[in-house]
Structures are given as C-alpha cells and as structure tokens.
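For reference, the structure is listed below as structure tokens.
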Amino acid sequence: MPSAWEKLDLEGSGLQSANRRLKQRLKRRVTAYILWILFPLGAHRFYLGDWSRALLYMALSTSAVIVHRSLHNWLTLIPVVIAGIWAAYDLVWIDRRVTGLNKQARMAEYLHHGNAPPPGFRGHYTDDADLNDYVRSKEAERGGHSPTAAAEESAKRAPSFAEQEKLLRELTRRK
C-alpha cells in the first residue's frame, strides 16, 4: 500500500501532482552507476542526457574493435586506455551530473506556471539593523547577562503563546 498514491490520477496543479511528476523526472544515481558498467556503449551518458559524449564512447569502442581486428598489435590499447581513463572520470562525473539534473528538474517543476518570487524579493538576508538586533537578542540569551536586558528585549517582541495563555488566565481570575 505504500505506493498506492502513485496509481491515483492527480493531474491538477497541486503539490501532490507536482511531486508525482517530479518523481518521474528525477534521475537515480544507482541506475546511472549500474549503466556505467556498460560504458563502452555509453549507456550511462545516454541515461543522463549527454548524447554527444555517449556517441563518442560508442565511436571509441568501435574504433578499438576495428583496430584490433585489422592490426592485432599494441595499437589496440590506445582507444582502450582512453576509454578506461574516461570511464574512471565518469565515476566522479555521474554524481555531479545527477545532482545538477535533479536540481534543474525540481526548479522546472516547482517554478513553472508563473511561480516567480514576489516583486522585490531579494532572498534570505538581514539588513545591518536587523543583524544588530539579532546579535543583541542572542547576546541577551547567553548566561551571565542581567535579567533586565532580557526583560527589555522581551518587552520589544510580541508575547509568546505561553505568555499569552498566562495573561488570559490572569484576566479570567480577576473577574
């Protein structure tokens, strides 16, 4: 029953349908590494959408076979060594490629249909004034500070849920 949601028709614009479409688009590292075993055919490169270099793998493999059939000597090793070095590099490349492709897929899925950030959005940052207030509030939380500084700090902020409950209890007792 854990995968029963995959069979539901959720073709809408909600988060569930977006997650379902995203799951179908994401590339898996395990699949790419299993296909890497077939590197002379460029299978992992085809899977990760790098068609031009996958075709180069195939051309390199074909040239190794042709050289071996025609010459039967050490020149056969040249394309084999090149393909081996390239395949070893691809062991590192696969992880970076899968990460990049999955990031692009997430951005494409979640940021389509005009889902742009609000006007004036500058990301998560703090102004210098906000940063100074933040530093002062964190300094007040450290041990060794006077409770009056913490009380002054708490007077500036809205009361927490627990403090609001306490105030409501006191108001009901007074009546």
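Bear in mind these aren't lab numbers, they're just calculated from the coordinates by the rules spelled out. Small disclaimer: the values here were computed from a predicted structure and weren't measured. All Cβ positions, even for glycine, are placed from backbone atoms using ideal geometry, and neighbour counts span all protein chains on display.
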Taking Lys and Arg as +1 and Asp and Glu as -1, residues besides Ala59 with C-beta under 13 Å from its C-beta add up to +2
Placing each pseudo-label 7 Å from Cα in the direction of the beta carbon, Ala162 and Arg69 end up separated by a distance in nanometres of 7.9 nm
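How much length is gained on full extension from Leu55 to Asp133, taking 0.36 nm per residue of separation minus their Cα-Cα distance?
Values: separation 78, 0.36 × 78 = 28.08 nm, distance 5.83 nm.
Contour length minus Cα-Cα distance gives 22.2 nm.
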